[in-house]
1. Suppose every K and R has +1 on its Cβ and every D and E has -1 on its Cβ; what is the size of the dipole of the chain about the Cα centre, in Debye to the nearest 20?
2. Near K54, which aspartates and glutamates are there with a Cα under 13 Å away, not counting those fewer than 8 places off in the same chain?
3. Amide H neighbours of I62 under 5 Å, at least 5 residues apart or on other chains, H built in the peptide plane: list them.
4. Counting only protein heavy atoms and a 1.4 Å probe, tell me what percentage of the chain's accessible area is made up of carbon and sulfur.
5. Find how much the distance from V61 to V5 grows on full extension, using 0.36 nm per residue of separation minus their present alpha carbon separation; answer in nm with one decimal.
6. Starting from the residue with the highest accessible area, list M1, M47 in decreasing order, probe 1.4 Å.
7. Taking 8 Å as the Cα distance limit and 6 or more residues as the minimum spacing, I'd like the relative contact order of the chain as a percentage.
8. With every protein chain left in place, what is the accessible area per residue of the chain in square angstrom, probe 1.4 Å?
Amino acid sequence: MLIFVAINCIWNVLLFAFDIDETTKAYYVVKALNLFIEAIFWIDFFMTFLQAYKDQETQEVITDLKLIAYNYFVGWFWIDIVSLFPF
């Protein structure tokens, strides 16, 4: 995921900093790669709702989907949801 974030950051900087000709084949290849990475981010976002976590107090592995969703909502959910939408 870190590599995808780096590629996405580089692509966005290049897109806004330079006037890239939209008629070239390279533009469409990079655009397709960007869409693929965006899809991976969305899949990761939804799969986080299925990822078990370890309770910090009891060290028990939590697999209940409601508790996983609650833990995600009070934690990284808001950062992830903001990062998914382009501005």
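The values are calculated or read from the model by the stated rules, or taken from the named source; none is laboratory data. Quantities reported herein were computed from a predicted structural model and do not represent experimental measurements. Methodologically, a virtual Cβ is constructed for each residue, glycine included, from the backbone with ideal geometry; neighbour enumeration extends over all protein chains shown. Heads up: the accessible areas ignore ligands, DNA and RNA and are worked out on the full protein's heavy atoms, side chains in. Shrake-Rupley method; radii C 1.70, N 1.55, O 1.52, S 1.80 Å.
1. For the chain, the charge dipole is close to 160 debye.
2. Once the sequence-local aspartates and glutamates are set aside, what remains near K54 is D64.
3. Counting only residues 5 or more places away or on other chains, the set is Y53, K54, D55.
4. Reported share for carbon and sulfur atoms: 70 percent.
5. Additional length available on full extension: 17.3 nm.
6. Final ranking, largest accessible area leading: M47, M1.
7. The value is 20 percent.
8. Here the per-residue accessible area is 82 Å².
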